[in-house]
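The values are calculated or read from the model by the stated rules, or taken from the named source; none is laboratory data. Fair warning: this is a prediction, and the values are worked out from it, not measured in the lab. All Cβ positions, glycine included, derive from the backbone under ideal geometry; neighbour counts span all protein chains shown. Please note that ligands, DNA and RNA were not included when accessible areas were found on the heavy atoms of the full protein model with its side chains. Shrake-Rupley method; radii C 1.70, N 1.55, O 1.52, S 1.80 Å.
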Amino acid sequence: TLAAGDVPPDQEARFIEAIQANAQRMQQIVDDVLDLSRIESGGWVPNPVAVDLRAVASEVSAGRLRAALEKGVRLTVEICTGAETAFADPTAIRQVYANLADNAIRHTNAGGSIVMFSERAEHGTTIGVRDTGVGIAPEHLSRIFERFYRADSGRARDAGGTGLGLAIVRHLVEAHRGRVQVQSVVGEGTTVSAYFPDPG
C-alpha cells in the first residue's frame, strides 16, 4: 500500500508503526529460537559463579519499570536473607528473571502487583516472579514450559509474547541441574520459580 503511493499522511504513519511493531516481534521470535536452539544443542554451557541476585533483579526490574507503569502494575524486588546469591551463570539468571518478569507484566492487569524474588531452599536457591495476574487454568499448567505453547493463544499473541520464553527458562535452569515450578490460581495470580542447586 505504501509503495503504491497516494496514502494519506495519518494512515501512512499507522502503517509504518504496524510494520515496525511486526518487524520487532519477528526479531524477538528469531532471537528466542536461536537462544533455545543453542541451549538444546549443547552449544551453550553454563559458567556458574556466585551471582548477586539483588543486583541482577534490580537491573532487570529497572529495565521494565516503564512497561509496568504503562500497564499500571507495581513491580518490586524481594531478596530474602540467606538467598542473596545463587550459584549459576549470570547470563542465565538475568534471562530467567527477564523472561518471567516480561510474562508477568503481559498477564497482570492495572492495579496488580509483580514481585521478583529469591528464597533459600534446601541445598540451593530459588528465584522467581509472582504476580496477581489473570492466572493459568489447571489443565494448562503441565504444558506451559513447552515451546510455543500458549495457555491463551489470542491474548498472548496480542500482548507480544513469542511462546518461547518459558521453554528457554526451563532449559536454562535444567542446564544447571535445577528445576522449574509453577503455581497458579485463575483470577488470583501465578508464581513461577526456578531452583538452582548449591555447588558440589
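Brief remarks on what is shown
- Other-chain or far-sequence residues with amide H under 5 Å of ALA121's (modelled H): THR126
- If you take all other residues with their beta carbon under 12 Å from the beta carbon of ASP198, and give Lys and Arg +1 and Asp and Glu -1, the sum is +1.
- Annotation for the range 74-150: GluC sites (Glu not before Pro) lying in DSSP loop with at most 10 further Cβ atoms inside 10 Å of their Cβ are GLU122.
- According to the Kirkwood relation over distinct C-alpha pairs, the hydrodynamic radius of the range 39-156 is 15.4 Å.
- Amide H to amide H, with H built 1.01 Å from N, GLU78 comes under 5 Å of MET116, PHE117, SER118, counting only residues 5 or more places away or on other chains.
- Heavy-atom accessible area with a 1.4 Å probe sorts ASP198, ASP10, largest first, into ASP10, ASP198.
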